[in-house]
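Heads up: the structure comes next, in structure tokens.
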Amino acid sequence: MKVLNYIGWDVGGAHLKVASINDSGKLEFVEQFATPLWQGLDQLENIFPKSIEKLPGGALTHALTITAELVDIFENRESGVNKLLKLFEKKLGSNIKVYSIECGILSLNEAYKNVNKLASANWHASTSYVASLLESGLFIDVGSTTTDIIPFSDKLVNAYGVDDQSRLHFDELVYMGVVRTPLMALTKQAPFAGKWQNIIAEYFSDTADVYRILGTLDDKDDLMDTADGNEKDLVSSIRRLARMLGVDSNKFRHNDVCWVKLARYFEEIQVQLLTKAVIRVLSNGTSSNKTIVGAGVGHFLVKKIADRMSIPYVEFGELCTTDSYLTHRCNSCAPAVALAQLNRYLCRR
């Protein structure tokens, strides 16, 4: 039976992302779901009915990329990958392929034989797709939790790192994002009311509060619980941010410009840290700096970095054929979209 739709799944520790590409290459569906796996594997299992019911009808072929094996409910990465493969086989059947950095797209049987080669490969799938379309540059995906900074040229991914440890070493993986990163991880001090204020080393607030206050985090991307489990409105976000300084926000007006200035400082720190990593990656000489391709729920930070470095900027969604209302989700779910396209390429050979 002819395949009608190619489904890409990006299985992360915090989010599940799924995309559907039709036979002509058009993105017809893409969405992300909150799946905080550190709370248990049922967080993923319970979301399957909701995700599967939104997929198109007809003959489908599924391809996975897995990063959730790092979650601490698993004893080790190999165990995590095995359990996740079995869960997807149970829900989707055996017509599943799995992405590997070293081996490409594998059948499910091949995947079970190469479990140690499947972990944390979504960044490679995204960059492989981008490299098939552009001459050279950097693919930068700022997600909820991490940032990938990957050089490409001549249709190839030119990363030095091959796993989380080596990618961290080369600044191709930076463990910060625009939703889940605790603010205490960004800096020890911040300017407030004309003075330098030490930051409390406690998980009172995260980057989602910063970007809610600045109005740059889209509601569709703001799926995780807050640090205190309370609301995501402006007043609540300011209250959590104030706790990082050891003060109560009710001592200041909630619309006071001081909170916006403080949020902008944390954004500036994050931009500087990511820019430093981009400069480090470019210094390796594996790719010219012709283009930066931005993706992820924090792609707005990638645009800032590209502008500061005077490098042409392209959003990942601009490289995909889709209706305009799906462009934002396409950016946010780049690995799922890319993998669906790569699987389509493979099946049409």
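Please treat every number below as a calculation from the coordinates, not as lab data. All of these numbers come straight from a predicted model, not from anything done at the bench. Every residue, glycine as well, gets a Cβ built from its backbone with ideal geometry; the counts of neighbours run over all protein chains shown.
Across region 183-273, how many lysine pairs, 8 or more apart or on two chains, come within less than 26 Å at their alpha-carbon atoms?
10
Could you size up the charge dipole of region 183-273 around its Cα centre, putting +1 on the beta carbon of Lys and Arg and -1 on that of Asp and Glu, and report it in debye to the nearest 20? Mind dumping the intermediate values first?
Details: 12 positive and 15 negative charges, 105 e Å.
In total the dipole reaches around 500 debye.
To the nearest 10 degrees, how steep is helix 122-131 against the longest Cα principal axis of the chain, on a 0 to 90 scale?
In the chain, helix 122-131 runs at an angle near 70 degrees to the longest axis.
Please list log₁₀ I(q)/I(0) at q = 0.08, 0.09, 0.12, 0.14 Å⁻¹ for the chain, using the Debye equation with identical point scatterers on the alpha-carbon positions.
Normalising to I(0) and taking log10 leaves -0.38, -0.48, -0.85, -1.14.
Which value at 222 nm does the chain reach when only helices count, each DSSP H run of 4 or more adding -39,500 (n - 2.57), with the total divided by all residues and rounded to the nearest 500 deg cm²/dmol? Provide the component values of the computation, followed by the final result.
Working: 12 runs with 122 residues, N = 349.
That calculation yields -10500 deg cm²/dmol at 222 nm.
Taking the chain as the reference, fit the longest principal axis to its C-alpha atoms, fit the long axis of helix 257-283 to the helix C-alpha atoms, and give the angle between the two in degrees, 0 to 90, nearest 10.
50 degrees
Starting from the alpha-carbon convex hull of region 234-330, give the projected area averaged over all orientations, in nm².
Details: hull surface 33.9 nm².
Averaged projected area of region 234-330's Cα convex hull equals 8.5 nm².
Which of the pairs Lys155/Lys276; Lys26/Lys155; Lys83/Lys113; Lys26/Lys54 have their Cα atoms more than 18 Å apart in this structure? Don't skip to the answer; put the middle values down first.
On the way: Lys155/Lys276 26 Å; Lys26/Lys155 21 Å; Lys83/Lys113 14 Å; Lys26/Lys54 16 Å.
Long pairs (Cα-Cα over 18 Å): Lys155/Lys276; Lys26/Lys155.
Compute the signed sum of charges (Lys and Arg +1, Asp and Glu -1) over the other residues within less than 14 Å, Cβ to Cβ, of Thr127.
On the way: positive: Lys155, Arg167; negative: Asp10, Glu135, Asp141, Asp148, Asp154, Glu172.
Computed value for this residue: -4.
Using the Kirkwood radius built from alpha carbon pairs, what does the Stokes-Einstein equation give as D for region 1-150 at 37 °C and 0.692 mPa s, in µm² per second? Don't skip to the end; give the middle numbers.
On the way: Rh = 15.9 Å.
Answer, rounded: 207 µm²/s.
Out of every Cα pair in region 183-273, what percent are spaced more than 17 Å from each other?
The answer is 43 percent, as a whole percent.
Reported to two decimal places, what Rg/Rh ratio describes region 143-188 when computed on Cα atoms with Rh from the Kirkwood expression? List each step's numbers first, then the result.
On the way: Rg = 12.5 Å, Rh = 11.6 Å.
Computed over Cα atoms, the ratio is 1.08.
Work out the FRET efficiency for Gln197 and Leu168 from their Cβ-Cβ distance, taking R0 = 22 Å, and round it to the nearest 0.05.
Numbers: r = 30 Å, r/R0 = 1.34.
The computed FRET efficiency comes out at 0.15.
Hey, how much of the P(r) for region 151-307 falls beyond 18 Å, as a percent of Cα pairs?
Values: 7513 of 12246 pairs.
Tail of the P(r) past 18 Å holds 61 percent of the pairs.
Enter the angle in degrees (range 0 to 90, nearest 10) between the Cα long axis of helix 299-308 and the first principal axis of the Cα atoms of the chain, meaning the one along which they spread out most.
That helix lies at roughly 70 degrees to the long axis.
Assuming R0 = 56 Å, what is the FRET efficiency of Glu28 and Val247, from their Cβ-Cβ distance, to the nearest 0.05? It would help to have the intermediate numbers written out before the result.
Numbers: r = 49 Å, r/R0 = 0.87.
Once rounded, the FRET efficiency stands at 0.70.
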